[in-house]
1. Any lysines with Cα under 25 Å of the residue B:91 Cα? List them, leaving off those in the same chain fewer than 8 positions away.
2. Starting from a Cα-only point model with no solvent, please compute log10 I(q)/I(0) by Debye for chain B at q = 0.07, 0.09, 0.10 1/Å.
3. Could you please rank B:98, A:634, placing first whichever residue has the fewest other Cβ atoms within 10 Å of its Cβ?
4. Of B:53, B:26, B:63, which is farthest towards the positive pole of region B:25-86's charge dipole, taken about the Cα centre with +1 and -1 on the beta-carbons of Lys, Arg and Asp, Glu respectively?
5. At q = 0.21 Å⁻¹, what is the log10 ratio I(q)/I(0) for region A:434-481, with the Debye formula run over Cα points and no solvent?
6. In nm to one decimal, list the spacings between the residue B:528 label point and its equivalents in the other copies, with label points set 7 Å along Cα to Cβ, shortest first.
7. What list do you get for B:544, B:491 if you sort them by fewest beta carbons within 10 Å?
8. Under a point spin-label approximation (7 Å from Cα along Cα-to-Cβ), what is the residue B:613-residue B:566 distance to one decimal in nm?
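Read-outs: derived from the displayed coordinates by stated rules, not from any lab. If you're wondering where the values come from, they're calculated on a predicted model, not measured in any experiment. Neighbour counts run over all protein chains shown; Cβ positions are idealised from the backbone, glycine included.
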2 protein chains.
Amino acid sequence: MTADAPLDEIAAPCSPRSGARLALQPISIGRARVTGGYWARWQRDNRAVTTPHATHWLEKDGVLDNFRRLVDSSVIAERRGWVFCDSDLYKVLEGIGWDLSRGASAELSAFVADAVALLDRVQEDDGYLNTFVQAGLEQRYANLTRGHELYCAGHLIQAGIALARTTADESLLAIGRRFADHLVAEFGNGRRGDTDGHPEIETALVELYRHTGERAYLDLAKQLIDVRGHGVIGQGLFGPAYFQDIAPVRDQDTVIGHAVRALYLLAGVVDVYLETGEEALLHAAQRQWRSMVAEKTYLTGAVGSRFEGEAFGDRFELPPDLIYGETCASIAGVMLSWRLLLATGDGAYADLIERILYNAFSGATSVSRDRFFYVNPLHRRSPRPPAPTGGKPLRTDAPGTRAEWFDVACCPPNIMRTIASLSGYLATSDDRGIQLHLYTPSSVNTELAAGEVAVSVATEYPEDGVIAVTVERSITQPWTLSLRIPSWCRRPALTVAGEPVPVERGARGYVVVERVWAPGDVVVLDLPMPARVTAPHPAVDAVRGQVAIERGPVVFCLESVGGELDLDAVELLIEANLRVERDEELFDGTTVVRVAGRLRDDSAWEGAGWSEISAVPASNRRPRELTAIPYRLWANRGPSTMRVWAPAVHAPSIP
Amino acid sequence: MTADAPLDEIAAPCSPRSGARLALQPISIGRARVTGGYWARWQRDNRAVTTPHATHWLEKDGVLDNFRRLVDSSVIAERRGWVFCDSDLYKVLEGIGWDLSRGASAELSAFVADAVALLDRVQEDDGYLNTFVQAGLEQRYANLTRGHELYCAGHLIQAGIALARTTADESLLAIGRRFADHLVAEFGNGRRGDTDGHPEIETALVELYRHTGERAYLDLAKQLIDVRGHGVIGQGLFGPAYFQDIAPVRDQDTVIGHAVRALYLLAGVVDVYLETGEEALLHAAQRQWRSMVAEKTYLTGAVGSRFEGEAFGDRFELPPDLIYGETCASIAGVMLSWRLLLATGDGAYADLIERILYNAFSGATSVSRDRFFYVNPLHRRSPRPPAPTGGKPLRTDAPGTRAEWFDVACCPPNIMRTIASLSGYLATSDDRGIQLHLYTPSSVNTELAAGEVAVSVATEYPEDGVIAVTVERSITQPWTLSLRIPSWCRRPALTVAGEPVPVERGARGYVVVERVWAPGDVVVLDLPMPARVTAPHPAVDAVRGQVAIERGPVVFCLESVGGELDLDAVELLIEANLRVERDEELFDGTTVVRVAGRLRDDSAWEGAGWSEISAVPASNRRPRELTAIPYRLWANRGPSTMRVWAPAVHAPSIP
């Protein structure tokens, strides 16, 4: 696929109606395409491997039978799975929806058609649709605290939108819209003052408003944001902070409670701002995002420090081993950051998206693309048993390797829909031109006032930092090409048509080149990628005195698969050179970083795990070269120990 | 009460039948008495404050009604509380039982009599007794994974033993014994091959064997230890490691899974060793204890790093903030260590008992003695809401102040029975004399072959390290007085009858003075107590670069109650002098330690919580004297922030 391919006007997953409050405009999925490299391979595998794997599990888990039994008396199975597992199907459908933008598939379309026909039969006359309630296990809206009815509805709506946008088939959207109309009738105009314990419906309703123009959906989204924070949801197991019901979102200065809920909510908050212009919403989301990144985000982009309540912790509470770091929270961080990027144009949001995508998000999926992590640690102290073959561990079980599926299976389909819609995050446009946010082989075009402009991108990024942007189509007037300079990059270099150009990193983190472009013009951005040593904020106690290795957007880790290396005893000599090498044997070729280190021998410590400081026994140390691999690749070779952060020591003057 | 008071032969809570395998013999509760000081005040408050508080909650929570409704149709309440809440009553009864050793109480005896009469009516003809099952909510032994039936039986048996030993009233013991006979009939001789998910019955059955001489109880205890570890209990929520069913206890090298379960089990394991002499059991318990202390124990003596599964974590996984550190696990650590001390005579076990008692255990109770922590952190990063008045938080809620009671109320009655039986941990005897393990105003006597010997102890310990031991009664032959030299003590000094004597700390950690003693002879042990700086093992990542302040057996902490001090920004100058002072205003007088420190200003950090190391912004620092208080006293002045470990910096040469 190149920029010469026919264009499809497929609205991106987040497509605000009004440009008035958009610093940057999303580019339709048809106009921004991943054409090769890391993400294209994953998109290919997402269709070829992950999708059939997921539909297999939807059957095996009874998710589809939960619907069938309501309309087909020959299905005698009891309803199975969690209260929210309808959403597993909806997210798979959404993923397939976005995936179909890259080419037809009879198999996928048949799956969709069957599912839509089934949902159509199950949906009640008034639009309500939920297998848990329809199985008689609960009354409608009787348990908003834990029932996830609006949450599931939101995913249904999003699936309908995806399929409508990519296939023009609005049959699933019609089902979602009937449910939305029912929700408006039930909740709208303040008819109810409560809301769902798990946010998600908000962003879905806004997108449905964008797709349909029906204002009631936007109004309901705003209402559900307005009522939250006033203690309307109940106590639940963890109190109202768990579901962001302890203070109104406009008054909150930091992210609290369940991480996925907090970030889904904020994504909806920015969506409502983008459509209504209420700046208090934008500012609240910005404040909370800033607090999150400064005080509550891991180096991999993961968030959610606590197993208990799957929650953001206190500021600077960032344990690398006991982290929860749910995969869905990483995805929600991308969703929120993207909306803030559209609203503000600030590349800091794109920086976080990139950090999440190459690290926390990528690490949640096996290289085989059919195994997943729910919990994403930065430190594994002892090898754990591998995930069971053919089984699905509890989400909290955190086995030693990625699992086929989970008891709570929210993450794998969330990964699928993110990969399938990834081109939505590549680029934006404004009146003046194109902005490139993520660098990967791709083609991007957009319609400026004077006509269409198009570029193609060639790069080995993130293995290499050279990015060649070729103008494929242009207009006679000057227009701008804006290229993000990632915050990690120290000495970016730029040539335009072969001529060096000084790189001025603007306040928003982009170099902006404006000129009259001709097709064939080439801009080469060189983002040098030496391996670098990263230190944590001094208040992050859990990794004090430790450093991490990064290169470009990629976080590295030390991994010991066969127990050959005691990672409890490793120290890094931070003044030594880091050697970047290519290891063609490892994972079919990957970049590794060789680093000088030492192994500490603590055998002089006896008895307790503490000592009066004046009596601390000396530890022997011997040199050891260590190899760091990209974090995203860990735990692909069997159960292992792993650490991103390792104790730093200064190189001794005598080796 | 002095050593001249009439002696009561009240067998201690752990009273092995055979001396053959005991390095040290327990001393009966009548012969070892706390006569003043910290523990005597707490024992007084335990009767005056904690016990009526607990019986109030047994009523309020429906624990008593759960029994009444089974025999009294006028009690129409539904059964309330967790499956295991019968044990709340049993542990309160056990606490009252030991407490009655210190003096009669009509009120307490009436409570006991009513409860025993009730239990007697509820118990089924075959000896079975469990309100959850008898309420029809489960079949007998149908859910050993989570049912806690044997766990509750164990606490019933222990309560019966306590009352029988202190009051000679065997009516509750008879109920417990009937249940034990039923268990023997149901499980004994391999009639069942499974066991309870929560150990506790093992140590109870061994003690019942000790009390009654009935071998079947010991055999069943051994059987239940033998079957465990072979996957007989099921998966539960957290897999078989959670309840120590993943490998036989004899094969385990470290403590795993739920901390209380692991340590209750090991207490039973040592008990079975003491009666059967199977050394594999002793060695397994010793190995696991050593691993626990070296790699899995907090400075306060707390254990159990993880909320998830209330579990021991990996080695060196010791986060001070996300710690679980259940109060019951601290108590279980005392129980296990005491049994190992009896078996081996090694003072390292008494060192841990002392560390737990003055820190993790003491800190779990308010100075008012009617508020409790379930979770015992060493670091509280932000003030949390106070515990609800009149309410009981979830155990996992970890409010900002101690709670009146808990949804799962295992800890408060466990504290009660520990305090009530504390004199059981003071001292032991052997053929040669007396060993003092804990220093507090007390009287101890024992019968040697040649007659009775007795000592009294006067001390302000742990406020002061001078311990005066007076011989109150002696014999004509020489005998030994063994005094524990705590491992923290650097320069102990000893005088015997006013004459300095060199202190030789033996291999087991005691100075042993053997001579012909005469009544009135005074031995003064001086354990100098400068405040000291303690460093963690270098592999404990979570507190790397941090130090703690200790003095004697007491761990100190920094606490900020009104937000006047940002504990995220505190650094300690570890080469500066530590000043020990008495603050008579604080908590009616306590020792504090003044320490030179600095407050770091991190405002130059912007954006993310990490930085390329070469670009780390400089932080300003300004001097600040800091006051450390005993850890056990934190959170008695309202919600606060607190930390035991704080970053250490070397004193700058220029102030």
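1. Reachable lysines: B:60, B:222, B:392.
2. -0.45, -0.75, -0.92
3. So the ranking, lowest neighbour count to highest, is A:634, B:98.
4. In region B:25-86, that residue is B:26.
5. Log10 of I(q)/I(0), two decimals: -0.69.
6. The answer, with the shortest distance listed first, is 5.8 nm.
7. Fewest-to-most Cβ neighbours within 10 Å comes out as B:491, B:544.
8. Each label point lies 7 Å from its Cα, and together they span 2.6 nm.
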